[in-house]
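Asker: Have a look at this one before I ask anything.
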Amino acid sequence: MDKAQKQTTETFSFKWKKRDTYEGSEMQTRFYNWLVDRYFGSESARIKFLEEIKDKSLLDAGCGSGYSAILLFGEYLNTFKYLGVDISDSIDVAKERFREKGYSWTGFLQENIQTMKLNSKFDIIFCEGVIHHSTKPFETFCNLTSHLEHNGIIMFYVYKEKAPIREFCDDFIRDKLKGFDNETAWEKLLPLSKLGKALGELEVDVNIAEDIEVLGIPKGKYSVQRFVYWFLFKAYYDKNISIDEMNHINFDWYRPANCHRFSQEEISEWLVKAGMQEVRFVVEMSGITVVARKN
């Protein structure tokens, strides 16, 4: 394991053990709604899909604490042959959370999804926000699709490239943090999270009359906080969650050494090269969500 991947692994081991920073009801509701909107478009479409894949095998690739899978699949997890794989020891947190929810599983495995060679193929592979944290993302994607059954489905999300100043600031902050341990890095980000809160509480809008192409800023009306967030640096704000929960979101972004971002065209090319058929392709300012079927 290279140095960047080792640091990234340790980051997520640390983050997923801080359960009080992501298990609040508002935090989970916010993320659940985002997951459903991206992968299915509606709650009815989600239920229809889950009913159709009962008794299928599901690989949760980069499962972390099981957070995304538990939210998106819920009690349907008891109908799947589920395997959770993660490079970090957060699988221990996932096991605990599954037990608390009363969800069954086939197994959990601590393994690198970029290089793992499992003796099984799966009907569904779910990989929410993980591929971009691997050393070689396309290699990771190809390894995952090699574990799909014929006509199997992969569901994944990767970060999208941002405006140039935001990209510069994000990498600058990420580089500033790399010399600290995780606890110190968490504390170093708290003032930034408090700044995001202060900006959000201003409730002031800015109108951009025309596209500022040289800075990657499209015309439109933005709150001051959202303008800073999308085009200058990430300082998340939601009035319904705590500072620690906001800091969890900022830490998730700034702390991992491996944090690749992609264009829409790059991800479309991945699908072509891997022989995958696009089922759903959602592009947002934050990232790209894909559901694709293996031909």
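Asker: Might you check whether a residue that is at pLDDT 95 or above, in contact with a Lys or Arg (Cβ under 8 Å, 6 or more places away or on another chain), farther than 26 Å from ARG280 by Cα and not in a loop (DSSP other than H, G, I, E, B) occurs anywhere in the range 113-127?
Answerer: Taking every residue of the range 113-127 in turn, none turns out to be at pLDDT 95 or above, in contact with a Lys or Arg (Cβ under 8 Å, 6 or more places away or on another chain), farther than 26 Å from ARG280 by Cα and not in a loop (DSSP other than H, G, I, E, B).
Asker: Quick one: PHE251 ticks every box in (1) more than 14 Å from the chain's Cα centre (by Cα); (2) within 22 Å of ASN182 (Cα to Cα) except a single one, so which number is it?
Answerer: Just one mismatch for PHE251, condition (1).
Asker: Considering only residues that are hydrophobic (A, V, I, L, M, F, W, C) and part of a strand (DSSP E or B), look in the range 73-94 and name the one that is nearest to GLU51 (Cα to Cα).
Answerer: LEU83
Asker: Which numbered condition in (1) under 21 Å from ALA257 (Cα atoms); (2) outside the structural domain of ILE212 (by TED's automatic domain parsing) is the only one that GLU96 fails?
Answerer: It is condition (1) that GLU96 fails.
Asker: Determine which member of the set VAL283, VAL214, VAL204, VAL291 is modelled with pLDDT under 95 and hydrophobic (A, V, I, L, M, F, W, C).
Answerer: VAL204
Asker: Also, I was wondering about something else. Taking the range 38-72 on its own, how many of its residues are in contact (Cβ under 8 Å) with a residue 24 or more places away in the chain and assigned to a helix (DSSP H, G or I)?
Answerer: Final tally of qualifying residues: 10.
Asker: Yes or no: the range 244-266 includes at least one residue that is closer than 26 Å to SER25 by Cβ and free of Cβ contacts under 8 Å to residues at least 60 places away in the same chain.
Answerer: yes
Asker: Next question. With the checklist (1) farther than 30 Å from PHE180 by Cβ; (2) surrounded by fewer than 22 Cβ atoms within 10 Å (Cβ to Cβ) in hand, flag the one item GLY24 doesn't pass.
Answerer: With respect to (1) farther than 30 Å from PHE180 by Cβ; (2) surrounded by fewer than 22 Cβ atoms within 10 Å (Cβ to Cβ), GLY24 is out only on (1).
Asker: Counting only residues that are under 17 Å from the mean Cα position of the chain (by Cα), touching a residue at least 24 places away in the same chain (Cβ under 8 Å) and closer than 21 Å to ASN258 by Cα, how many does the range 108-139 have?
Answerer: 15
Asker: Condition check: more than 30 Å from THR184 (Cα to Cα), polar (S, T, N, Q) and either free of Cβ contacts under 8 Å to residues at least 40 places away in the same chain or assigned by TED's automatic domain parsing to the domain that holds ASP123 (or both). Does SER13 satisfy that?
Answerer: The answer is no for SER13.
Asker: Still on this structure: From the residues in the range 257-278 that are touching a strand residue (DSSP E or B) at 6+ places or on another chain (Cβ under 6 Å) and more than 16 Å from VAL158 (Cα to Cα), which one is surrounded by the most Cβ atoms within 10 Å (Cβ to Cβ)?
Answerer: By that ranking, first place goes to MET276.
Asker: State whether one or more residues within the range 265-272 are in a helix (DSSP H, G or I), small (Gly, Ala, Ser) and not assigned by TED's automatic domain parsing to the domain that holds PRO191.
Answerer: Taking every residue of the range 265-272 in turn, at least one turns out to be in a helix (DSSP H, G or I), small (Gly, Ala, Ser) and not assigned by TED's automatic domain parsing to the domain that holds PRO191.
The values are calculated or read from the model by the stated rules, or taken from the named source; none is laboratory data. Everything numeric here is computed off the predicted structure, so don't read it as measured data. Cβ coordinates were reconstructed from backbone atoms using ideal geometry, including for glycine residues, and neighbour counts include every protein chain displayed.
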